[in-house]
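Written below as structure tokens is the structure these notes are about.
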Amino acid sequence: MNRGAVIAITSIGLAQALKIPIHYAKTKEWRPALFFATGGMPSSHSAGVSSLTTFVSLTKGVRSIDFALSLVYGLIVMYDAQGIRRQTGELTLKVNDLDELIDKINEDDPVEFEEKSPDPLKEMLGHQPKEVLGGALLGMIMGFSGYYLTKKR
């Protein structure tokens, strides 16, 4: 298999695994399900693309088209992770709060209404900038490590 792909996928897995102890250190709540969740510290998106970009820069050089493609792709992914996806998550928080507000307004209303309870929308979609940076730093470390561990002697 392609070494760059293995390093990037390993970085993604490590970032996802690190979310569990980092969350525990912050909240004292053990949540293994975070391994499969989006959002949180560190960003697995950033870890994956930055490890690949680092590995490509060390194997092909920063003047190669491979590096340019990886860098631009990585920047787009990291921008999206902390920009658009984060805004979607913040909008979801507001939508979920509206449900509670409507319930409070309707408490005084004697009209009979059968409410179907949908699951609340997922609120942790994107990343804060520090989470993207944390993932990028983890990815660079993984990219360097992967390069030096797989380098032919």
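The values are calculated or read from the model by the stated rules, or taken from the named source; none is laboratory data. A quick note: this is a predicted structure, and the numbers were derived from the prediction, not measured. Cβ coordinates were reconstructed from backbone atoms using ideal geometry, including for glycine residues, and neighbour counts include every protein chain displayed.
Some points to look at:
- Ile65 vs. criteria surrounded by fewer than 21 Cβ atoms within 10 Å (Cβ to Cβ), over 25 Å from Thr150 (Cα atoms) and of a type in the set (Val, Ile, Thr): no
- Looking only at the stretch 32-54, and only at residues there that are surrounded by 24 or more Cβ atoms within 10 Å (Cβ to Cβ) and aliphatic (A, V, I, L, M), the one that is nearest to Ser64 (Cα to Cα): Leu52
- Members of the stretch 32-69 that are part of a helix (DSSP H, G or I) and more than 18 Å from the chain's Cα centre (by Cα): Thr54, Phe55, Val56, Ser57, Leu58, Thr59, Lys60, Ile65, Asp66, Phe67, Ala68, Leu69
- Single unsatisfied condition, Pro129 versus (1) at pLDDT below 85; (2) in contact with a Lys or Arg (Cβ under 8 Å, 6 or more places away or on another chain); (3) under 30 Å from Ser70 (Cα atoms): (2)
- Residue match in the stretch 92-100 (condition: crowded, with 16+ Cβ neighbours inside 10 Å and at pLDDT 65 or above): yes
- When the stretch 17-62 is filtered for residues that are without any contact (Cβ under 8 Å) to a residue 40 or more places away in the chain and of a type in the set (Phe, Trp, Tyr), the ones remaining, listed by number, are Tyr24, Trp30, Phe35, Phe36.
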